[in-house]
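To start, the structure under review is shown below, and the notes come after it.
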Amino acid sequence: MKYLTEYRDATEVQRHLEQINKIVTRPWTIMETCGGQTHGLVKNGILEMLPKEITMVHGPGCPVCVTPLELIDKAVHLAQNKDVILCSFGDMLRVPGSKKSLLQIKAEGADVRILYSPLEALNIAKENPNKEVVFFAVGFETTAPANALSVYQAKKSGITNYSILVSHVLVPPAMEAILNDKDNRIQGFLAAGHVLTIMGFEEYYPIIKKYKVPVVVTGFEPLDLVQGILMVVRQLEKGEYKLENQYSRVVQEEGNKKALETIKKVFEVSHRAWRGIGEIPYSGYKLRDKYSDYDAETKFKMDIGKVNENEICIAGDVLKGIKKPYQCPAFGKQCTPENPLGAPMVSSEGACAAYYHYTTF
Amino acid sequence: MSNLTNLQCPLPQLDFDIITLGHGGGGLLTNRLLDKAIFELFDNEKLQTRHDGAVLSFGQKVAFSTDSFVISPVFFPGGNIGELAVNGTVNDVAMCGASPRYISLALIIEEGLPVTELWDILVHVKAAAEKAGVWIVTGDTKVVERGKGDKIFINTTGVGEMHPNADISTNNVKQGDKIIVSGNVATHGMAIMSVRKGLEFETSIESDTCNLNHTIGHLLDEFGSQIHLMRDPTRGGVASTLNEIARDTQLGIDIVQDAIPIDTRVDSACEILGLDPLYVANEGVFISFVDSSVADAYLKKLQSLEFGENSAIIGEVVADHPNKVVLTSKIGGKRVVNMQVGEQLPRIC
């Protein structure tokens with residue numbers, strides 16, 4: 001597989017690990033922001049291969065994990081309406097709501113469909129004019145363009161039985177929230193390669209300047225990850241803080257202009273609640289007024305009451321990188337992938353599930 | 001890859017185009033269907049007694065296994081539910097170290113199934129049974145209302161005579177045993193995935209469903225009790241099967257990612273869909289645990305046999321980390337490979 005096998009080369013990975021070993025002189029704490037990177041680190045056994053001075057902290061970049069409980073309950077509520085076909089990305093299905101998960105209500109007879117793209121949901125809306133099709137639009141900047149495009153196309157082609165339940169969040173405000181936290185110990189970031197593929201570098205420069213932290217745009221394969229870590233460590237050791245691009249085979253300074261235009265047409269920046277973290281100002285997207293007919297929260301009256309998180313779960317501290325999954329009293333005991341108390345145990349990108357699956361020996 | 005595609009066998013003259021509830025009623029319609037589509041097609045002396053069951057005789061120990069097939073879609077790249085239903089049970093019996101001889105065939109058909117499709121399935125049942133050398137000696141046909149099934153469900157049950165040299169048991173697995181996989185992994189699961197509604201993608205991946213009994217027979221002839229365990233890693237894939245064995249033996253299992261054979265197209269499809277091939281279902285693949293003293297000779301022999309050309313040693317049984325499967329990744333890192341939880345669900349990004 002071109003552009004994949006080269007980045008899984010054991011000799012090259014080893015060479016980079018040796019270089020990290022050679023230059024590191026003191027402990028450093030680095031956060032990988034994206035859940036895909038967390039997954040890559042643990043799946044390939046990289047955490048055990050790094051020198052002991054390097055502590056990797058797993059950031060909030062798992063869309064499943066940060067989607068508020070209330071929104072999952074809303075999705076469940078919508079799917080229980082027999083006039084609704086609820087479409088979702090696969091890994092949202094197992095996330096527990098306050099009472100049930102989408103997977104459970106699917107088994108009970110709700111029409112819940114797993115899709116790879118919101119554009120497929122639009123096709124389902126066309127094929128089922130007597131049903132309301134709702135797409136659970138979860139994700140970071142990476143899924144925003146396709147979700148925006150589905151709404152844009154629905155409006156353009158006059159499809160009225162389609163709407164999206166929006167839970168879009170943005171990475172840079174979350175990075176700032178973490179850096180501002182009184183318990184913060186993050187000294188450098190691996191930025192999420194695919195997020196910057198869409199957004200470009202622009203919004204990261206002010207953060208680097210204000211907080212004096214190195215940020216390296218990093219990919220997801222083993223070699224990407226160790227190279228990204230090496231670049232951050234090199235900056236930290238030299239006392240530098242700048243933006244570097246490890247993932248230059250994919251990411252460009254200006255991002256993807258076409259995708260950005262589509263996002264801007266349909267979405268505007270808004271305050272958003274993050275599961276486990278709370279509300280972060282200007283940290284997400286909502287549909288522009290022009291597209292409010294396509295907002296499931298406007299279209300359907302939903303009063304789901306107050307929802308409470310599980311009291312034992314420390315997902316918030318895990319997402320902010322303050323605690324490791326195994327520091328949770330419920331980890332691997334009351335909380336397992338079969339019976340998750342919090343979202344990070346559900347998605348393969350969640351830090352708890354990653355630790356549970358790959359590092360329990 | 002299925003070796004039964006492009007079968008030609010003319011549809012018999014029937015005065016109906018689709019299966020109706022009456023075909024499961026036990027009366028005239030049932031008899032008309034069975035006469036033409038079952039008794040003529042699967043003709044053998046046991047079946048022709050047309051009794052409530054078949055009378056069989058064996059002079060030695062017998063292995064016995066059953067499996068139900070509810071695959072969707074019933075026609076998939078490289079095969080259909082008919083041959084899958086025969087191969088699945090044939091292989092389960094073979095995994096016990098037996099030579100499968102007789103199988104039963106129970107059909108649960110959804111009302112409205114076109115007779116042409118039923119015929120296509122039955123013709124593949126016949127061809128798969130002939131290829132494996134088993135007789136269909138008893139069976140059942142039921143029809144359920146439209147919407148209560150998914151075209152057709154099939155149950156097959158098989159019996160076979162134990163190979164005189166076979167001594168296959170989880171109890172025989174010991175530290176140092178080599179673990180050998182007989183072919184490329186994850187092929188069947190990805191072939192099915194490629195035609196599932198909502199996930200369709202263009203690919204030339206075909207299911208690897210096949211009968212493994214002849215291959216296993218040859219291995220037992222030569223290596224006998226040096227083969228400690230054989231398993232076919234169907235649902236849940238290689239990872240789940242190895243986990244079951246680690247748990248049951250209370251030994252550790254080490255596997256090497258780079259050694260696991262996989263077709264590039266299958267690997268790429270898994271990569272795109274975000275699935276781990278170790279958890280994807282297999283059909284025409286089995287895993288052997290063999291004594292380390294014969295591992296190289298066993299591999300060489302297997303590579304020379306039908307369906308064994310891509311076989312490889314993927315790991316060994318160890319005393320460390322009991323009950324756990326540990327994988328050495330392509331880059332040399334180590335991680336635990338756990339039992340699959342629920343279904344593998346595609347990731348968001």
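So if I check each of A:VAL226, A:VAL195, A:VAL232, which one is of a type in the set (Val, Ile, Thr) and in contact with a strand residue (DSSP E or B) (Cβ under 6 Å, 6 or more places away or on another chain)?
A:VAL232
Name every residue in the range A:1-34 that is within 30 Å of A:ASP317 (Cβ to Cβ) and either assigned to a strand (DSSP E or B) or under 25 Å from the mean Cα position of the chain (by Cα) (or both), in order of residue number.
A:TRP28, A:THR29, A:ILE30, A:MET31, A:GLU32, A:THR33, A:CYS34
Of the conditions (1) charged (D, E, K, R); (2) within 22 Å of B:ILE313 (Cβ to Cβ); (3) within 14 Å of chain A (Cβ to nearest Cβ), B:GLU200 satisfies every one except a single condition; which number is it?
Of the numbered conditions (1) charged (D, E, K, R); (2) within 22 Å of B:ILE313 (Cβ to Cβ); (3) within 14 Å of chain A (Cβ to nearest Cβ), the odd one out for B:GLU200 is (2).
What are the residues in the range A:44-59 that are out of contact with any Gly (no Cβ under 7 Å at 6 or more places or on another chain), under 22 Å from A:GLY316 (Cα atoms) and away from chain B (no Cβ under 14 Å), if any?
Hit for the range A:44-59 is A:THR55, nothing else.
So that you can scan it fast, the table gives a plain yes or no per residue for (1) in a loop (DSSP other than H, G, I, E, B); (2) within 22 Å of A:TYR356 (Cβ to Cβ); (3) in contact (Cβ under 8 Å) with a residue 12 or more places away in the chain:
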{"position": "B:ILE313", "(1), (2), (3)": "no, no, yes"}
{"position": "B:GLU316", "(1), (2), (3)": "no, no, yes"}
{"position": "B:HIS321", "(1), (2), (3)": "yes, yes, yes"}
{"position": "B:GLY332", "(1), (2), (3)": "yes, no, no"}
{"position": "B:MET339", "(1), (2), (3)": "yes, yes, yes"}
{"position": "B:GLN344", "(1), (2), (3)": "yes, yes, yes"}
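What number of residues within the range A:83-134 are more than 21 Å from A:PRO63 (Cβ to Cβ) and not aliphatic (A, V, I, L, M)?
Of the residues in that region, 13 qualify.
Please name all residue pairs, on different chains or six or more residues apart, with Cβ atoms under 7 Å, provided the first residue is in the range A:311-331 and is in the same structural domain as A:ILE277 (by TED's automatic domain parsing) and the second residue is modelled with pLDDT of 90 or more and surrounded by fewer than 17 Cβ atoms within 10 Å (Cβ to Cβ).
Qualifying pairs under 7 Å: none.
Kindly establish whether B:ILE103 is in the same structural domain as B:TRP119 (by TED's automatic domain parsing) and surrounded by fewer than 23 Cβ atoms within 10 Å (Cβ to Cβ).
No: the conditions fail for B:ILE103.
May I ask you to say which residue of A:VAL66, A:VAL76 is buried (at least 21 other Cβ atoms within 10 Å of the Cβ), within 14 Å of another protein chain (Cβ to nearest Cβ) and out of contact with any Asp or Glu (no Cβ under 9 Å at 6 or more places or on another chain)?
Of A:VAL66, A:VAL76, the one residue that is buried (at least 21 other Cβ atoms within 10 Å of the Cβ), within 14 Å of another protein chain (Cβ to nearest Cβ) and out of contact with any Asp or Glu (no Cβ under 9 Å at 6 or more places or on another chain) is A:VAL66.
Given A:ASN128, A:ASN161, A:ASN180, which one is farther than 16 Å from A:PHE89 by Cα and not assigned by TED's automatic domain parsing to the domain that holds A:GLY90?
It is A:ASN180.
Of A:GLN334, A:GLN246, which residue is over 18 Å from the mean Cα position of the chain (by Cα), closer than 30 Å to A:MET199 by Cα and more than 14 Å from chain B (Cβ to nearest Cβ)?
A:GLN246
Return the residues of the range A:258-299 that are surrounded by fewer than 21 Cβ atoms within 10 Å (Cβ to Cβ), under 24 Å from A:VAL76 (Cα atoms) and among the charged types (D, E, K, R); say none if nothing qualifies.
A:GLU279, A:LYS286, A:ASP293, A:ASP295, A:GLU297, A:LYS299
Could you check how many residues of the range A:336-347 are out of contact with any Phe, Trp or Tyr (no Cβ under 8 Å at 6 or more places or on another chain) and surrounded by fewer than 24 Cβ atoms within 10 Å (Cβ to Cβ)?
3
Hey, can you tell me all the residues within the range A:217-267 that are of a type in the set (Gly, Ala, Ser) and not in a loop (DSSP other than H, G, I, E, B)?
Within the range A:217-267, A:GLY228, A:ALA259 meet the criteria.
Can you tell which of B:ASP167, B:ASP140 is out of contact with any Lys or Arg (no Cβ under 6 Å at 6 or more places or on another chain), free of Cβ contacts under 8 Å to residues at least 40 places away in the same chain and farther than 30 Å from A:LEU119 by Cα?
B:ASP140
If I filter the range B:229-239 for residues that are closer than 30 Å to A:GLU127 by Cα, crowded, with 20+ Cβ neighbours inside 10 Å and assigned by TED's automatic domain parsing to the domain that holds B:ALA281, do I get at least one hit?
No, the range B:229-239 has no match at all.
Considering only residues of the range B:313-338 that are crowded, with 21+ Cβ neighbours inside 10 Å and more than 14 Å from chain A (Cβ to nearest Cβ), which is farthest from A:LEU17 (Cα to Cα)?
Here the answer is B:VAL317.
Can you tell me which residues in the range A:107-137 are crowded, with 18+ Cβ neighbours inside 10 Å, free of Cβ contacts under 8 Å to residues at least 40 places away in the same chain, more than 10 Å from chain B (Cβ to nearest Cβ) and not small (Gly, Ala, Ser)?
Scanning the range A:107-137 gives A:ASP111, A:VAL112.
Among what's in the range A:268-289 and is out of contact with any Gly (no Cβ under 9 Å at 6 or more places or on another chain) and in contact (Cβ under 8 Å) with a residue 24 or more places away in the chain, pick the residue that is farthest from A:ALA177 (Cα to Cα).
A:LEU287
Considering only residues of the range A:302-333 that are of a type outside the set (Asp, Glu) and not in a loop (DSSP other than H, G, I, E, B), which is modelled with the lowest pLDDT?
Per the stated criteria, the residue is A:LEU319.
The values are calculated or read from the model by the stated rules, or taken from the named source; none is laboratory data. Fair warning: this is a prediction, and the values are worked out from it, not measured in the lab. Backbone-built Cβ (ideal geometry, glycine too); neighbour counts: all protein chains shown.
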